[in-house]
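The values are calculated or read from the model by the stated rules, or taken from the named source; none is laboratory data. Note that the coordinates shown come from a computational prediction; the quantities given were computed from them, not determined experimentally. So basically every Cβ, Gly included, is an ideal-geometry build from the backbone, and we count neighbours across all protein chains shown.
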Amino acid sequence: MLFRMIYQENPIPTFNSKQMDRYCEKLLNILNDDNASLAAFNECIKVIDEAEFDKSDKQDIKLLSKTRNLIAKANEKTNHNLI
């Protein structure tokens, strides 16, 4: 979720849309490059580390409020505000 939110500035098109290929192309280019994917996932880890909740509590992580917290942190990083 964070990877997509940070590295794709457009909202997800419908799955049967022709736009889906274009949407995925940028993400796949990052994933197919070892250095770029490592940098991207390190950025995602940074967002998770900056989120304000107890990551060691498995039940706490499952809460919707924690997902919203991660989304807010990703939006701060990118200014995309997709959700």
Next item on the list: Quick one: count up the residues across segment 40-63 that are small (Gly, Ala, Ser) and surrounded by 12 or more Cβ atoms within 10 Å (Cβ to Cβ).
Entry: 2
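So that you can scan it fast, the table gives a plain yes or no per residue for (1) within 14 Å of Met1 (Cα to Cα); (2) charged (D, E, K, R); (3) out of contact with any strand residue (DSSP E or B) (no Cβ under 7 Å at 6 or more places or on another chain):
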| residue | (1), (2), (3) |
| --- | --- |
| Leu27 | yes, no, yes |
| Asn32 | no, no, yes |
| Glu43 | yes, yes, yes |
| Glu52 | no, yes, yes |
| Lys55 | no, yes, yes |
| Lys58 | no, yes, yes |
| Ala74 | yes, no, yes |
Notebook entry, point to check: Are any residues in segment 57-83 at pLDDT 75 or above, hydrophobic (A, V, I, L, M, F, W, C) and not in a loop (DSSP other than H, G, I, E, B), and if so, which ones?
Noted result: Leu64, Leu70, Ile71, Ala72, Ala74
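Please work out if Glu50 is in contact (Cβ under 8 Å) with a residue 12 or more places away in the chain and more than 13 Å from the chain's Cα centre (by Cα).
Answer is yes for this residue.
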Check: Which of (1) exposed (fewer than 13 other Cβ atoms within 10 Å of the Cβ); (2) touching a helix residue (DSSP H, G or I) at 6+ places or on another chain (Cβ under 8 Å) does Lys66 not meet, given it meets every other one?
Finding: (1)
